[in-house]
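What follows is one structure encoded as C-alpha cells, with my remarks underneath.
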Amino acid sequence: MSQLPIIGPIFFDHDVLVYVAYLLVPISLYVLYRTTFGLKVRAVGQNPEAADSLGVRVNAVRYATVILGSALAGLAGASLSVGLLNIFQENMTNGLGFIAVALVYFGGWRPVGVLLGALLFSTVSAFQLWMQVLGVPIPSDLAVMLPYVLTIIVLAVGVKQIRQPAALTKPYERGE
C-alpha cells in the first residue's frame, strides 16, 4: 500500500507506533466518556470532594492517571528515539514536552482537540523544514522557532476560552 502514489507514503509508510498513537485517540475517547473509570477521572479532575463523597478513591484515580500518562510519555519517547531516528541522543526532544502540555490546553482537554493541535504543530514544523530546504531567505534559527512561536501565540490567544478541570494542580486531603 505504501507504493500508491501520493496517498501511499502519507498513510502507509510509518512506524507501528504512529498507528498506535492514532488508535489511542478513539480508545481514550471511549475510556473517558463511556467507562466508569473515565467518569471517575473526570469527576476527580472537576470536583474531588464530590467524587470522594460518592466513594471514589481520589488519590488512587490521580495516581493511576499519572502512571498512565507517564507510560504514554515513555512510549512517545520510544517512538522518537527508536521508531523515527533509530538512535538515542541527550536532549533529543528539545522542548517537545512543553509542546505536549500546550497541546492539551490547545485541545481543550479533549483527545480529538489534542490530535488536531498535534497535527497543526507538526504541519508547521514540517513547513519550517521545507522553508529551509527550498532556500527561503530567512535565518534558519527563525525558521526553527516558528512552531514554538505559533504554540505560544495560540496559548496566549486561545486559553482564555478553554475551561481546564477545576481541581487541576490542587492537592486533595480527605475530610477537608
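Quick note: the coordinates plus some simple rules give every number you see, no bench work behind them. Everything numeric in this text was worked out from a predicted model, so none of it was measured. With ideal geometry, Cβ positions are generated from the backbone for all residues, glycine too; neighbour counts draw on all protein chains shown.
Net charge near Tyr33: determine it from the other residues with C-beta under 11 Å of the C-beta of Tyr33, scoring Lys and Arg +1 and Asp and Glu -1.
Numbers: positive: Arg34, Arg42, Arg110; negative: none.
Net charge in that neighbourhood comes out at +3.
Please give the contour-minus-distance gain from Arg57 to Val16: 0.36 nm per residue of separation, less the Cα-Cα distance, rounded to one decimal in nm.
Values: separation 41, 0.36 × 41 = 14.76 nm, distance 3.55 nm.
Fully extending the segment from Arg57 to Val16 adds 11.2 nm.
What dipole magnitude, in Debye to the nearest 20, does the stretch 1-145 give about its Cα centre under +1 on Lys/Arg Cβ and -1 on Asp/Glu Cβ? Numbers along the way, then the final one.
Details: 6 positive and 6 negative charges, 114 e Å.
My answer is approximately 540 debye.
Students often check this: by mean Cβ neighbours within 10 Å, which of 61-71, 136-146, 109-119 ranks highest, and how do the rest follow?
109-119, 61-71, 136-146
In whole angstrom, note down how far apart the Cα centers of the stretch 1-71 and the stretch 125-176 are.
21
At what distance in nm do the modelled label points of Val101 and Leu23 sit from each other, each positioned 7 Å from its Cα along Cα→Cβ?
3.1
Per 0.36 nm of contour for each residue apart, how much would the distance between Ala166 and Met145 grow if the chain were fully extended, relative to their Cα-Cα spacing?
Working: separation 21, 0.36 × 21 = 7.56 nm, distance 3.22 nm.
In short, 4.3 nm is gained.
Where the eigenvalues come from the Cα gyration tensor of the chain, what are the semi-axes √(5λ) of the equivalent ellipsoid, largest first, in whole Å? Show your work: numbers first, answer last.
On the way: eigenvalues 244, 82, 46 Å².
Working through the eigenvalues yields semi-axes of 35, 20, 15 Å.
Classify the stretch 1-91 as rounded, prolate or oblate from the Cα gyration tensor: take a ≥ b ≥ c as the square roots of its eigenvalues, call it rounded if a/c is under 1.5, otherwise prolate when a/b beats b/c and oblate if not. Let's see the in-between values first.
Values: a/c = 5.11, a/b = 2.02, b/c = 2.54.
Judged from the Cα gyration tensor, the stretch 1-91 comes out oblate (a/c at least 1.5, b/c at or above a/b).
Stretched out fully, how many nm does the piece from Ile153 to Val124 gain, at 0.36 nm a residue minus the Cα gap?
On the way: separation 29, 0.36 × 29 = 10.44 nm, distance 1.32 nm.
Roughly 9.1 nm would be gained on extension.
Would you kindly derive the ³J(HN,Hα) couplings of the stretch 61-67 from the backbone phi angles with the Karplus curve 6.51 cos²θ - 1.76 cosθ + 1.60 (θ = phi - 60°), listing them in order in whole Hz, with x for Gly and Pro?
After applying 6.51 cos²θ - 1.76 cosθ + 1.60, I find 5, 5, 4, 4, 6, 5, 5 Hz.
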